[in-house]
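J.: Have a look at this one.
Bear in mind that the values in this text are calculations on the coordinates, not laboratory data. Small disclaimer: the values here were computed from a predicted structure and weren't measured. As a convention, Cβ positions derive from the backbone with ideal geometry for all residues, glycine included, and neighbour counts pool all protein chains shown.
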Amino acid sequence: MVVMILYSAADDDYVAMSNGYGIGFDEVLKSFCEMPFIGRVSPQEAFERWNDYYDDVALAEIYGFQLEDGQVQISILDYYIMPPEDTGQ
């Protein structure tokens, strides 16, 4: 599973996007590749939100980039989220 976390400095808000729940990997990758990167963010500056996905963020491979109006961080997790089952109700 690929997770991308975006931080908007203007809104002081985070948005997480992943290829689970019906969003394909290609869609996540395309969004990531179209971002206007202006610099690299060090692994020590990983968002606290990564604690939702990793037990030990210090051991995670998280790649971060500075944007004009915030930051984006992306990581590939070693599990995936199953889409919800349709119960027909």
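J.: ³J(HN,Hα) across region 28-43 via Karplus (A = 6.51, B = -1.76, C = 1.60, θ = phi - 60°), whole Hz, x for Gly/Pro?
T.: With the stated coefficients, region 28-43 comes to 5, 4, 4, 4, 5, 5, 8, 7, x, 5, 10, x, 9, 9, 6, x Hz.
J.: Follow-up. DSSP loop chymotrypsin sites (Phe, Trp or Tyr not before Pro) in region 1-82 with at most 10 other Cβ atoms within 10 Å of their Cβ, which ones?
T.: Tyr21, Tyr79
J.: Given contacts defined as C-alpha pairs under 8 Å and at least six residues apart, what's the relative contact order of region 2-76, whole-number percent?
T.: Relative contact order for region 2-76 comes out at 38 percent.
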